1. Scan region 255-274 and give yes if some residue there is in a loop (DSSP other than H, G, I, E, B), surrounded by 23 or more Cβ atoms within 10 Å (Cβ to Cβ) and among the hydroxyl-bearing types (S, T, Y), otherwise no.
2. Can you run down the residue pairs with Cβ atoms below 6 Å, 6 or more apart or on separate chains, where the first is in region 86-103 and closer than 15 Å to I200 by Cα and the partner is more than 9 Å from the ligand (Cβ to nearest atom) and part of a loop (DSSP other than H, G, I, E, B)?
3. Test of understanding: among L182, L152, L171, which residue is closer than 22 Å to K311 by Cβ and either in contact with a Cys (Cβ under 9 Å, 6 or more places away or on another chain) or loosely packed, with under 15 Cβ neighbours inside 10 Å (or both)?
4. Of all residues in region 221-251, which are farther than 30 Å from K286 by Cα, among the polar types (S, T, N, Q) and either at pLDDT below 95 or part of a helix (DSSP H, G or I) (or both)?
5. Might you check whether a residue that is of a type in the set (A, V, I, L, M, F, W, C) and more than 16 Å from the ligand (Cβ to nearest atom) occurs anywhere in region 74-94?
6. Return the residues of region 157-181 that are in contact (Cβ under 8 Å) with a residue 40 or more places away in the chain and more than 16 Å from the ligand (Cβ to nearest atom); say none if nothing qualifies.
7. Could you tell me whether any residue of region 308-315 is more than 21 Å from N114 (Cβ to Cβ), touching a helix residue (DSSP H, G or I) at 6+ places or on another chain (Cβ under 9 Å) and either within 15 Å of the ligand (Cβ to nearest atom) or among the aliphatic types (A, V, I, L, M) (or both)?
8. Condition first: under 24 Å from V234 (Cα atoms) and in contact with an Asp or Glu (Cβ under 8 Å, 6 or more places away or on another chain). Can you find one or more residues in region 43-51 that meet it?
Amino acid sequence: MVVLSQPALDHYSLIKTCNKPTSLFSGIPVVDLSDPEAKKHVVKACEFGFFKVVNRGFPMEFINRLEAEALRFFNSPQSEKDRAGPPDPFGYGSKRIGPNGDVGWIEYLLLNTNPDVISYKSHSIFQENPQIFRSAVDDYISAVRKMACDILELVTEGLGIEPRDALSRLLSDEKSDSCFRLNHYPPCPELQALSGRNLIGFGEHTDPQIISILRSNSTSGLQISLRDGTWVSVPPDPTSFFINVGDSLQVMSNGKFKSVKHRVLADHSKSRVSMIFFGGPPLSEKIVALPPLVGEGKESLYKEFTWCEYKKSAYNSRLGDYRLGLFEKS
Ligand code: GA4
């Protein structure tokens, strides 16, 4: 990995680059949600930590409407987009990610989905089409939240844990601290000509929440890190969803499920648009292992903490830090 510093590349300075492998990884677990055995497969897939779900019956119209509105926003003049920023952490952001100096070849809208908090409804992101953009976001978020809850119910059922809403209630709670992100990775053609390398759009990290649900257009770029540390490219599939186990679910499963490191590389010629729902619990919720996963006479692997404490610690960290380290029992 190199950091560009030549004057010709000033535009990109400080944004890291790397070589994008051309081959796509074919080993991503796929869970067919219409399969009567889905609960068994979802548990296996969570052990891997990253998987694709198909046959959800998610309205394609919600996806298309939201993608069109997102593109309309990202293609609008910079001065207009800047009116919706800087992110605090919610709002429009460009290149800067989080508060601690991380940067990437990306622009984004980060929205809070909890209407009690500084909701996205109060942001001036919706420009001249407020009702169309807002309702596209609302419709998509309610459908994707429902999908996240259903997947978590398959998880508890698959594990034989009662009640079946032991996990899903954390996202259906009206105080659920979930958020939603629309990401736009513009193409980086000059860079290809100059170095043949790709810019890092979003640097490597794990997601702090319980579960993340991602949908992207057909531009590749998402990569995951396998257990042996190799980075592999995820074949894009605009009609399916990709699921990431978050750090909190790793803790609640007492390490049975893995929060997988991932990153995004920008493409030379095509722009990538993704929409991600991050399902988080209420701020006061204790993140502890589900008792059946600890085992009789055994101890959980992690210290007790609330989501509020974990989130605070995440916002004090750099993107690539191993955040769960602070909460592991020695
Ligand atoms: C990673 C997952 C989500 O995109 C996010 C990110 C958040 C942000 O962009 O504001 C963080 C990052 C994410 C983890 C560490 C901190 C916080 C940027 C950062 C450096 C919205 C989230 O919840 O955590």
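1. We begin by selecting, within region 255-274, every residue in a loop (DSSP other than H, G, I, E, B); these are 255-261, 266-271.
Remaining after also requiring surrounded by 23 or more Cβ atoms within 10 Å (Cβ to Cβ): 257, 259, 266.
Right, trim to among the hydroxyl-bearing types (S, T, Y) and you get 259.
Checked region 255-274: at least one residue is in a loop (DSSP other than H, G, I, E, B), surrounded by 23 or more Cβ atoms within 10 Å (Cβ to Cβ) and among the hydroxyl-bearing types (S, T, Y).
2. V103/L14; V103/I15
3. Working: L182 fails: either in contact with a Cys (Cβ under 9 Å, 6 or more places away or on another chain) or loosely packed, with under 15 Cβ neighbours inside 10 Å (or both); L152 fails: either in contact with a Cys (Cβ under 9 Å, 6 or more places away or on another chain) or loosely packed, with under 15 Cβ neighbours inside 10 Å (or both).
Residue meeting the stated conditions: L171.
4. Residues of region 221-251 that are farther than 30 Å from K286 by Cα, as a first pass: 221-223, 228-240.
Right, trim to among the polar types (S, T, N, Q) and you get 223, 230, 233, 239-240.
Listed by number, the list holds a single entry, T230.
5. Filtering region 74-94 for residues of a type in the set (A, V, I, L, M, F, W, C) gives 74, 84, 90.
Next, from what is left, pick out any that are more than 16 Å from the ligand (Cβ to nearest atom): 74.
So far as region 74-94 goes, yes, one or more of its residues are of a type in the set (A, V, I, L, M, F, W, C) and more than 16 Å from the ligand (Cβ to nearest atom).
6. Applying the first criterion (in contact (Cβ under 8 Å) with a residue 40 or more places away in the chain) to region 157-181 yields 157-161, 166-167, 170-171, 173-181.
The answer is E157, G158, L159, G160, I161, A166, L167, D173, E174, K175.
7. So the first thing to find is which residues in region 308-315 are more than 21 Å from N114 (Cβ to Cβ), and the list is none.
No.
8. So the first thing to find is which residues in region 43-51 are under 24 Å from V234 (Cα atoms), and the list is 43-51.
Adding the requirement that they be in contact with an Asp or Glu (Cβ under 8 Å, 6 or more places away or on another chain) leaves none.
Checked against the condition, which is being under 24 Å from V234 (Cα atoms) and in contact with an Asp or Glu (Cβ under 8 Å, 6 or more places away or on another chain), region 43-51 yields no hits at all.
The values are calculated or read from the model by the stated rules, or taken from the named source; none is laboratory data. These figures come from a predicted structure and were not determined experimentally. Cβ: placed from backbone, ideal geometry, glycine included. Neighbour counts: every protein chain shown.
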